[in-house]
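All remarks here apply to the structure that follows.
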Amino acid sequence: MEDKEQFSQILDTDEKIIKTYRPLKSRAYFATILSILFITIIFAIWFVASYLDKSSGFAWVVPVIIDIVYIVVSIIMIELWCNKTIYAITNKRVLIRTGYIGVDYKSLNYDMLGAMTVNVNIVDKMSNRDTGTISFGSMSSPLTTQGVAKFMFQYIKAPYQVYREVKAVIDENKKN
């Protein structure tokens with residue numbers, strides 16, 4: 001099924017999807033791998049401490065099992081999220097389709113849109129994939145000083161170009 005068709009059940013009768021975007025899967029995996037490495041280092045320290053403490057018996061098995069479960073669950077979750085997540089701009093609003101098992105939709109009408117930000121963080125730079133996050137703020141869901149928002153296009157390829165595209169569509173449709 002084409003990405004645009006994934007929104008058909010929530011579109012208004014006179015609403016048209018102008019463009020869709022997907023998160024860059026390799027960037028999402030890169031962030032997941034970094035978190036797995038961090039957690040694995042913590043569990044490795046726990047493993048070594050448990051292993052060296054001869055009185056703990058087989059307590060060293062616990063961090064190994066927890067780490068393996070964490071790795072498997074992280075990879076499954078990021079795969080599910082990437083496969084379900086689609087971002088869209090229409091002639092009326094910003095749409096976000098996401099989920100892990102079910103499908104969730106978020107929408108933000110252009111007349112409610114108050115701010116847009118582009119964030120290219122250190123992980124985006126480290127991944128060397130030209131990615132970033134575009135956040136949308138409104139009166140009901142403002143951007144905080146930390147840039148936390150409910151409406152975000154995460155792991156977007158060429159975020160500054162996408163920002164300009166989205167802004168152009170919003171500006172054009174706010175006039176109407």
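Values as computed for the structure displayed
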{"read-out": "Single residue of Tyr163, Tyr155 found to be surrounded by 13 or more Cβ atoms within 10 Å (Cβ to Cβ), farther than 17 Å from Ala31 by Cβ and at pLDDT 90 or above", "value": "Tyr163"}
{"read-out": "Criterion violated by Glu172 - all others in (1) modelled with pLDDT of 85 or more; (2) in a loop (DSSP other than H, G, I, E, B) satisfied", "value": "(2)"}
{"read-out": "Region 1-33, residues that are closer than 21 Å to Met77 by Cβ and not in a helix (DSSP H, G or I)", "value": "Tyr21, Arg22, Pro23, Leu24"}
{"read-out": "Odd one out for Ser107 among (1) within 14 Å of the chain's Cα centre (by Cα); (2) within 30 Å of Ile10 (Cα to Cα); (3) in contact (Cβ under 8 Å) with a residue 60 or more places away in the chain", "value": "(1)"}
{"read-out": "Conditions (1) modelled with pLDDT of 80 or more; (2) exposed (fewer than 12 other Cβ atoms within 10 Å of the Cβ); number of the one not met by Gln146", "value": "(1)"}
{"read-out": "Filtered residue count, region 122-131, keeping only those that are touching a residue at least 12 places away in the same chain (Cβ under 8 Å) and within 16 Å of Leu34 (Cβ to Cβ)", "value": "6"}
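For every residue, the table says whether it meets (1) small (Gly, Ala, Ser); (2) within 20 Å of Arg97 (Cβ to Cβ); (3) modelled with pLDDT under 90.
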| position | (1), (2), (3) |
| --- | --- |
| Ile10 | no, yes, no |
| Ile17 | no, yes, no |
| Tyr21 | no, yes, no |
| Ile36 | no, no, yes |
| Ile39 | no, no, yes |
| Ala44 | yes, no, yes |
| Phe47 | no, no, yes |
| Ser50 | yes, no, yes |
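The values are calculated or read from the model by the stated rules, or taken from the named source; none is laboratory data. Nothing here was measured: the structure is a model prediction, and the numbers come from that model. Positions of Cβ are generated from backbone atoms using ideal geometry, with glycine treated the same way; all protein chains shown enter the neighbour counts.
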